[in-house]
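One structure below.
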Amino acid sequence: MSLVEVAAPPMPQPGALLRLARSELRLVFGRRRNIVLLVGLALVPLLLGTVLFVTRDSALRGQGPGFIGNVTGNGLFLVIAALFICLPFLLPLTIGIASGDSVAGEASAGTLRYLLVVPVSRTRLLGVKALGALLFAGAAVLAIAIVGFVAGAVFFGLRDITLLSGTTVPLVDGLVRVAAVVGYVGLSMTGLVAVGLFFSTLTEVPVGAMAATVVVAIVSGVLDQIPQLHAIAAALLTHHWLDFAEFLRLQPDWSTLGRGLALQAAWVVIFGALAWSRFTTADISS
């Protein structure tokens, strides 16, 4: 425990938690680095759509799942293609930077001990940090999706969507399915946020926490591709990230989607508990 907490244990006050949450969100979304990251992600579908519009040919045809080659035929697929491209590295990098900086950044700046003077417990403070990181992760996915939707509509138009099975469904159904894809990808990032939050409580060097978080995602993806490690694949963080393609089938496999969400929930519980245990017992000196 810190000397501040020993001398004056924080007593909950009405509105203190809300003020702290608002302050955290202003910090997360007002930080120039985070704004640059969001803009960078938003540029991915715009650049991809521009290239495909100018060439009028899908450079992605034959690469990845079947929906990737359909971008020029329906603007809705630009959202999915952009998410597919960003999932292996750009999204984990962005989320790793934001979540890894959540606590370690305050410690590095010397402001963490002053936050503890606020009449909010360490548990609630960690919860606020987690909320900020989760909302930023959601904003990162939405930045790709919104720009992809607008660019796709402008470049290629929106029309009835042809699923992976070859069945064509109405535009409204297609919009619902694409929205489900975006939601699933967003929820798939929650486990990585928890990992980043945990690493952020271990160090006062934000870069170390950021790098460790990104490395976890990359190593998980690499291990998932090794056939000899099939026995542990189902427990790897990234194993179900691409299962959003189930929403592009006539009848999605809900059991597969459920396993993907359950896996993320397990990572959130485990690493959230580790982060809580570390943060609530650490001696905060900076």
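Calculated from DSSP H runs of 4 or more alone, at -39500 (n - 2.57) each and per residue, what is the 222 nm mean residue ellipticity of the chain, nearest 500? Don't skip to the end; give the middle numbers.
Details: 12 runs with 196 residues, N = 286.
Taken over the chain, the calculation gives -23000 deg cm²/dmol.
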**Förster-model FRET efficiency, 30 Å R0, L229 and R56, C-beta, rounded to 0.05** = 0.10
**Message:** So, for the chain, what is the accessible surface per residue at a probe of 1.4 Å, expressed in square angstrom?
**Reply:** 46
**Request:** Give me the percent of Cα-Cα pairs in the chain that sit more than 27 Å apart, rounded to a whole number.
**Result:** 45
**Complete:** The size of the Cβ-based charge dipole (Lys, Arg +1; Asp, Glu -1) of the range 142-286 about the Cα centre, to the nearest 20 debye, is 100
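Sum up the charges of everything whose Cβ sits under 9 Å from the Cβ of Y184, counting Lys and Arg as +1 and Asp and Glu as -1, but leave Y184 out.
Details: positive: none; negative: D243, E246.
Once positives and negatives cancel, what remains is -2.
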**Fill in**
When the charge dipole of the range 107-203 is computed with +1 at the Cβ of Lys and Arg and -1 at the Cβ of Asp and Glu, the Cα pointing farthest to the positive end, of A153, G110, L126, is that of G110
**Request:** Quick one: net charge around S102, please, counting Lys, Arg +1 and Asp, Glu -1 for every other residue with C-beta under 10 Å from its C-beta.
**Result:** -2
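Quantify, in whole percent, the carbon and sulfur part of the accessible surface of the chain (1.4 Å probe; protein heavy atoms only).
Details: 9270 of 13210 Å².
Carbon and sulfur atoms account for 70 percent of the accessible area of the chain.
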**Asked** How many angstrom separate the Cα center of the range 121-148 from the Cα center of the range 241-286?
**Response** 14
**Complete:** Dimensionless Rg/Rh of the range 131-286, both radii on Cα and Rh by Kirkwood, sits at 1.05
**Complete:** Projected area averaged over all directions for the convex hull of the alpha carbon atoms of the range 152-197, nm², comes out at 4.5
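Taking only the alpha-carbon atoms of the range 99-187, what semi-axes of the equivalent ellipsoid follow from 5 times the gyration tensor eigenvalues under a square root, in whole Å, largest first?
Details: eigenvalues 356, 35, 17 Å².
In descending order the semi-axes read 42, 13, 9 Å.
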**Request:** Go from 0 up to the bin containing the longest alpha carbon distance in the range 90-148, width 10 Å each, and give me the % of pairs per bin.
**Result:** 21, 44, 24, 10, 1
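The values are calculated or read from the model by the stated rules, or taken from the named source; none is laboratory data. This is a predicted model, so every value here is computed, not measured. Using ideal geometry, Cβ is built from the backbone for each residue, glycine included, and neighbour counts are taken over all protein chains shown. The protein model used for the area step is the full one, side chains on, heavy atoms only, and it has no ligands, DNA or RNA in it. Shrake-Rupley method; radii C 1.70, N 1.55, O 1.52, S 1.80 Å.
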